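Read through the structure below, which is laid out as structure tokens, and then see the notes.
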Number of protein chains: 2
Amino acid sequence: MGHKIIVMNKKFLEIADKYKPKLNIERKVLKGHDCLLKENDSDIYDFGNHYTGSIKISLSTKGRFPDAPALLKLRFAELKDEFEEDSKNYHGWISKSWIQEELIHVDYFPTVLDIKRVFAFRYLEISVVGISSNYQLHVDSVELEATTSAPKLEAKGNNKREKQIDSISLRTLRECMQEEFIDGPKRDRRLWLGDLRLEAITNYETYKNYALVKRCLYLFAATATEDGVISQSVFTKPEVFGDEASMFDYSLLFIPTLLDYYMETFDKECANDLLPLAIKQIEIARRRFYGDIINDSDQLGWCFLDWSLELNKQAGAQAVYIYAEEALVKLLKLLGKDYKIYLEDIEAKKKAALNVFYDKKLGLFVSGKDRQISYATNCWYILCDILSEEDSADLLIRLENNKDAIKPVTPYMYHHYVSALIASGLYDKAYDVIMNYWGGMADLGADTFFELYNPQNKDESPYGGKQVNSYCHAWSTTPSYFLRKYYLKSR
Amino acid sequence: MGHKIIVMNKKFLEIADKYKPKLNIERKVLKGHDCLLKENDSDIYDFGNHYTGSIKISLSTKGRFPDAPALLKLRFAELKDEFEEDSKNYHGWISKSWIQEELIHVDYFPTVLDIKRVFAFRYLEISVVGISSNYQLHVDSVELEATTSAPKLEAKGNNKREKQIDSISLRTLRECMQEEFIDGPKRDRRLWLGDLRLEAITNYETYKNYALVKRCLYLFAATATEDGVISQSVFTKPEVFGDEASMFDYSLLFIPTLLDYYMETFDKECANDLLPLAIKQIEIARRRFYGDIINDSDQLGWCFLDWSLELNKQAGAQAVYIYAEEALVKLLKLLGKDYKIYLEDIEAKKKAALNVFYDKKLGLFVSGKDRQISYATNCWYILCDILSEEDSADLLIRLENNKDAIKPVTPYMYHHYVSALIASGLYDKAYDVIMNYWGGMADLGADTFFELYNPQNKDESPYGGKQVNSYCHAWSTTPSYFLRKYYLKSR
């Protein structure tokens, strides 16, 4: 959908601005290693955990007076094995400009290289691409200046494994808490609605930075189109600007995000300010229906659900619509407003979905002309509360046993799978998925949880090359939410 | 020779500092071309002449909001056909860090890229290495801030060709006149003695910046070793430092450089300050003699003469010694000091040279055990005034007809060839060499004269790849000296 007319809502923008956090700065200085670098030499510095920030490198020389500049390559990596990849080999469809690599000439020594860009990394590799044979380079120190708007917080857990997973989740969220909740500090470094929703609920169980959620809600509200379409993401640098694109599901998820925030804060000002826009999302989405059944994928516009191009989104999109409308009803109830027409719409859409998308023979929801079976479709129907808890549990067992069902690809979809298991009372199974799926990343040495993780194919990337994958991604932060909300308290 | 003990002469350094020029700044703004750049696009900006300075690029975007950084490659070229070369293919022994190429990430638009480094160029190529397909780049303007310590000066000439060659010479010198007389603004960007001497004499006929010559003489004096060895070059950034290496001929050429300066200025303070160091160069060089014959190349240390590794330097080195000692005698005479012992030494060295290095059968000077014939050897003997003008002229004709004679490689050696022709009264031949050799560069579209030019092999480089060759080099500036001193006035 094109962002035809941009009429920035100034009042909302001012409120967003008012809640802009002051970033906490952490400085970490690594002493230079005891070695001299000549041409083609390289050295790796390990900051011990994932950080988001910029660096200064103090350099001096040994040997004769530097009689030529030095040409350095800096590479920043979230995972150490990223260094095994050569940026020259990346030919994916997302811009290679995301690869965290700098080539820098240094004319005079000693010097402090002050690299003004922000990087997301634990490891820094300094390589000498070109230097005169008359002198060698010495790294005196590497200084990191990292930022986050999250406070410090101790990991929790009833055992080492839970504590490890909570710790990695916390770190993931912390790194994505900058002046907004961003999707990932490596890429795209901006506020996305799908990520915000999961960051917010995890934040309520952990850092409890309510102001930052409020700021983000107002940023989306401020940048909606004149027609009320909420963007898929908001840019804030160099200035606030709503992404010209929107997604069917992300726009709708503004409503549960607002509901979750209200239930945490009872912030009536915010709820009343943003309610009209929440209602508007349902009205806009309803245009995508023919009667009570939503258009199929090809006429729907982009509906995300998961990073899977083979996924048919029709049935899942209808489930997200119902899920969002149910959130709207709850919000209207809480605000003492009339909600009857939405309740009627929900019933009609559920009835139609059961008629059209539920395959009685399979006992599963299917999507599209080809009646495709997927975790995405079925989990979203469980989340929109169309079946009883018992029926949901039975469906999830059938789903698991169906070998044709398209599995989740991203932690974002795994989050919804775990949510569906919990909604169906399958707490132990949900716990196992958390421990196995996110635990799998932990076993790979993750300091933060990845944007993409397929236990069957560790090199998977929807971008045509994993060099642009983000290894600290907001939508992967929810193990802390699940553990702290459902597991740690009750044990 | 190692620069064992560095005792910077503070008095000399202060004088050098006092004569540090204020650079003239020239700004030139090119309007951006009417095109949008996407991935793999590139565009070339032509500043119309050779400049030495830094640039600012104003960038904006078209299309959707920039949702990824842009990765730009900037290449700077003195000659347009340098763009046909790929820096990846350079594997020479001089550092590839000299290649004028920058890779820069731009995170936010619009922006002004302020590239703080200094480049030597006429052409700037801006390429988009990586960018999101959602937007395109527009270059709004490219602003150059160029520096020189030379004033503006009109080219002279009795015809178009002379004026063209004078103009290119003037430009070459102007570009090399920065806070010091540098060898070349691309490479090495520093004060070298061999270059200084030729820059100074050309400067006397053109820009007449005597203070800059004085500064450079004092810089060499300030950075001589405790033993009095004058460095081959002086670094001035980040601070003044004498190159740890010296060259047999360059150290000696300090003397004629001082003499030339004194004859132009009658600056007694300078001559008296630096005379002891001039004398010292003869004393140091004399240690390289066994009796009255200089050591052969392998025991001589580095004697430059020309960029030719096959060249035997023995006989030429002795000629440079005599040439320098003759300059010392002239200087002593002018200062009313005793010079007799140097005159006696000159006579002894000349006599020995004629005995050992002059091949009566060939009628040419030869060098080394293998009795190698070269322009370098013979021209330097003519310059040290060992033969009558008539005999010199005959020798040069024989040299020209000798097919084994090693030809000059650099404009530096061509300068000495032309000087020898003039010293032998062969004015027309000298004129032809200027017109043909430097004219050959002009015909290739040179805005400035090159460090290296071999009419027989245009890709020649002593560095293992012409990508590090400098196309604006001080030692190539002397056509203006020759034309203005010997040709333009007399016609």
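The values are calculated or read from the model by the stated rules, or taken from the named source; none is laboratory data. In this text, all values refer to a predicted model and were calculated from it rather than measured experimentally. Here the Cβ positions follow ideal geometry from the backbone for every residue, glycine too, while neighbour counts run over all protein chains shown. To get the accessible areas, we keep the full protein, side chains included, count just its heavy atoms, and leave off ligands, DNA and RNA. Shrake-Rupley method; radii C 1.70, N 1.55, O 1.52, S 1.80 Å.
Considering only alpha-carbon pairs that sit under 8 angstrom and 6 or more positions apart, the relative contact order computed for region A:428-470 is 27 percent.
Using the Cβ atoms and a cut-off under 12 Å, what net charge is assigned to the surroundings of B:Ala348, where Lys and Arg are +1 and Asp and Glu are -1? The answer is -1. Here region A:92-131 and region B:131-193 have alpha carbon centers that stand 30 Å from each other.
Using only Cα atoms, find the angle between the long axis of helix B:389-401 and the longest principal axis of chain B, and express it within 0 to 90 degrees, rounded to the nearest 10. On a 0 to 90 degree scale, this one is about 60. As I understand it, the value is the acute angle between the Cα axis of helix B:254-265 and the longest principal axis of the Cα atoms of chain B; what does it come to in degrees, rounded to 10? Roughly 80 degrees, rounded to the nearest 10. If R0 equals 60 Å, the separation of the Cβ atoms of A:Asn89 and B:Lys268 corresponds to a calculated FRET efficiency of about 0.35. Take region A:25-148 with all the other protein chains still there, run a 1.4 Å probe, and you get 41 Å² of accessible area per residue.
The fraction of accessible area contributed by carbon and sulfur in chain B is 48 percent, rounded to a whole number (1.4 Å probe; ligands and nucleic acids excluded). With 40 Å² as the minimum drop in accessible area between chain alone and full protein complex (1.4 Å probe), the qualifying residues in region A:46-85 are A:Arg64, A:Phe65, A:Asp67, A:Pro69.
Take every Cα pair under 8 Å whose residues are at least 6 apart in sequence, average their separation, divide by the length of chain A, and the relative contact order is 19 percent.
Taking both sides together, the accessible area buried where A meets B is about 3100 Å² for a 1.4 Å probe.
Once you divide the Cα radius of gyration of region B:134-287 by 2.2 N^0.38 Å, the number left is 1.24. Legend: residue pairs A:Lys38/B:Lys20; A:Lys10/A:Lys280; A:Lys88/A:Lys237; A:Lys28/A:Lys80; A:Lys31/A:Lys88, Cα-Cα distance threshold 24 Å; pairs beyond threshold, A:Lys38/B:Lys20; A:Lys88/A:Lys237; A:Lys31/A:Lys88.
Shape class for the protein assembly as shown: prolate, because the ratio a/c of the largest to smallest gyration tensor axis (alpha-carbon atoms, square roots of eigenvalues) is 1.5 or more and a/b beats b/c.
What shape does region A:25-148 have by the C-alpha gyration tensor, where a ≥ b ≥ c are the square roots of the eigenvalues, rounded means a/c under 1.5, and otherwise prolate means a/b greater than b/c and oblate the rest? Oblate, because a/c is 1.5 or more while a/b does not exceed b/c.
In degrees, nearest 10, range 0 to 90: what is the angle between the Cα axis of helix B:411-423 and the longest Cα principal axis of chain B? The angle comes out near 40 degrees. Think of region A:25-148 as a dipole: +1 on every Lys or Arg Cβ, -1 on every Asp or Glu Cβ, centred on the Cα centre; then among A:Leu144, A:Trp93, A:Phe47, A:Leu144 lies furthest on the positive end. Calculated [222 nm] ellipticity per residue, helices only, for chain A: -11500 deg cm²/dmol; basis is -39500 (n - 2.57) per DSSP H run with n ≥ 4, divided by all residues, nearest 500.
What region A:160-487 shows is 34 Å² of accessible area per residue, with the surface traced by a 1.4 Å probe over protein heavy atoms. Taking a ≥ b ≥ c as the square roots of the Cα gyration tensor eigenvalues, region A:160-487 comes out rounded, since a/c falls below 1.5. Placing unit charges on the Cβ atoms only, positive for Lys and Arg and negative for Asp and Glu, gives chain B a dipole magnitude near 800 debye about its Cα centre. What residues does region A:89-114 have that are buried by at least 40 Å² of accessible area in the full protein assembly compared to the chain on its own, 1.4 angstrom probe? SASA drop of 40 Å² or more in region A:89-114: A:Ser95, A:Lys96, A:Ser97, A:Trp98, A:Leu103, A:His105, A:Asp107, A:Tyr108. Interface burial in region B:229-255 reaches 20 Å² or more for B:Phe235, B:Lys237, B:Pro238, B:Phe241, B:Glu244, comparing the full protein assembly with the chain by itself; accessible area from heavy atoms with a 1.4 Å probe.
Across region A:163-225, the relative contact order, built from alpha-carbon pairs under 8 Å that are at least six residues apart, equals 25 percent.
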